[in-house]
Structures are given as structure tokens and as C-alpha cells.
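Peer 1: I'd like to ask you about the structure that follows.
Read-outs throughout are calculated quantities, based only on the coordinates presented, and are distinct from any laboratory measurement. A quick note: this is a predicted structure, and the numbers were derived from the prediction, not measured. Cβ placement follows ideal geometry from the backbone for every residue including glycine, while neighbour counts extend to all protein chains displayed.
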Amino acid sequence: MGELKYASLRKTYKILSKGKEIPKHNYTFQVDASKIASTIAFLQQCLQVKPGYTRDVNVAGHVFNNMPAYERGGKSMDDIHKTYLDSFPQELRVGRQTFRDML
């Protein structure tokens, strides 16, 4: 079946009865570059760099190559995310999953 969210069986049946394929929707989104930049700046201030380690980070379809790897210093991801939420207003934050991908 297609990946059409909230499609009813009746609607899907009508499309199939006309001999058409079920449309597939791409639910990708674009994260504003300023939000990514502010999140990276926050992580650089909050975490320590692991010397000699780099990694490729994929955020919302954009690949950032050779980013430095950071140590959490015994902090949990939830604690770091809570500090991030307290530091930035809603309109300047990335979502939880994007934050975890960057971390």
C-alpha cells in the first residue's frame, strides 16, 4: 500500500478501481539552517571534544562530514536535551529527534 497518511479504505479502493497506483507522499522536511547552527553552538559549549575522532552527521537529509565527536561527560541525553530546551525559545529550537541525531 501507499504511504498516504489518514487515507480511508474507501478512498484507497476508489483509486485502485480506477486502475491507478496509490500515491506515495514524501514527508521530508527542511530544518532551518539557523536552528541547526544554534544547536551546534550549544553542543560545542556544553560538551567536550573527543580528540582525534570525527563522524558524519545526517540531519534532515543534509550530511555534515567530518564533524568532531563530543563526549557527554556522564550526562544523559535527556539531561542535555532539557538544558537545551531551557536555553532556547521554541521558535529557535530543533525537534527532539533532530537534536538526538546531532548529539
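Peer 1: Please list, in order, the residues from region 72-88 whose amide nitrogen is less than 15 Å from a point placed 7 Å along the Cα→Cβ vector of SER34.
Peer 2: It comes to 88, nothing else.
Peer 1: Counting Lys and Arg as +1 and Asp and Glu as -1, what is the net charge of the other residues whose Cβ lies under 15 Å from the Cβ of SER17? Show your work: numbers first, answer last.
Peer 2: Values: positive: ARG10, LYS11, LYS14, LYS18, LYS20; negative: GLU21.
Around SER17, the charge tally is +4.
Peer 1: Check ARG93: other-chain or 5+ apart residues with amide H under 5 Å from its amide H, H built from backbone geometry?
Peer 2: The answer is none.
Peer 1: Which whole-Hz ³J(HN,Hα) couplings does region 93-102 yield from phi under the Karplus relation 6.51 cos²θ - 1.76 cosθ + 1.60, θ = phi - 60°, glycine and proline marked x?
Peer 2: 9, 8, x, 4, 5, 5, 4, 5, 5, 6
Peer 1: Let me ask something additional. Can you pull the semi-axes for the chain, root of five times each eigenvalue of the Cα gyration tensor, sorted largest first, whole Å?
Peer 2: Numbers: eigenvalues 308, 50, 28 Å².
So the three semi-axes of the chain are 39, 16, 12 Å.
Peer 1: What are the membrane-span-like helices in the chain by this rule: whole DSSP H runs, Cα extent along the axis at least 18 Å, mean Kyte-Doolittle hydropathy at least 0.5?
Peer 2: Values: long enough: 33-46 (20 Å, 0.74).
Both cut-offs are met by 33-46.
Peer 1: For a paramagnetic label modelled at 7 Å from the Cα of ALA41 toward its Cβ, which residues of region 60-103 fall within the zone defined by backbone nitrogen distances under 12 Å?
Peer 2: Residues passing the 12 Å test: 88.
Peer 1: Would you mind computing, in nm to one decimal, how far apart the modelled labels at LYS14 and LYS75 are, each placed 7 Å from Cα along Cα→Cβ?
Peer 2: Simple spin-label model gives 5.2 nm for this pair.
Peer 1: What value, in deg cm²/dmol to 500, does the helix sum -39500 (n - 2.57) over DSSP H runs of n ≥ 4 give at 222 nm once divided by the residues of the chain? The partial results should precede the final answer.
Peer 2: On the way: 4 runs with 41 residues, N = 103.
Rounded to the nearest 500, the figure is -12000 deg cm²/dmol.
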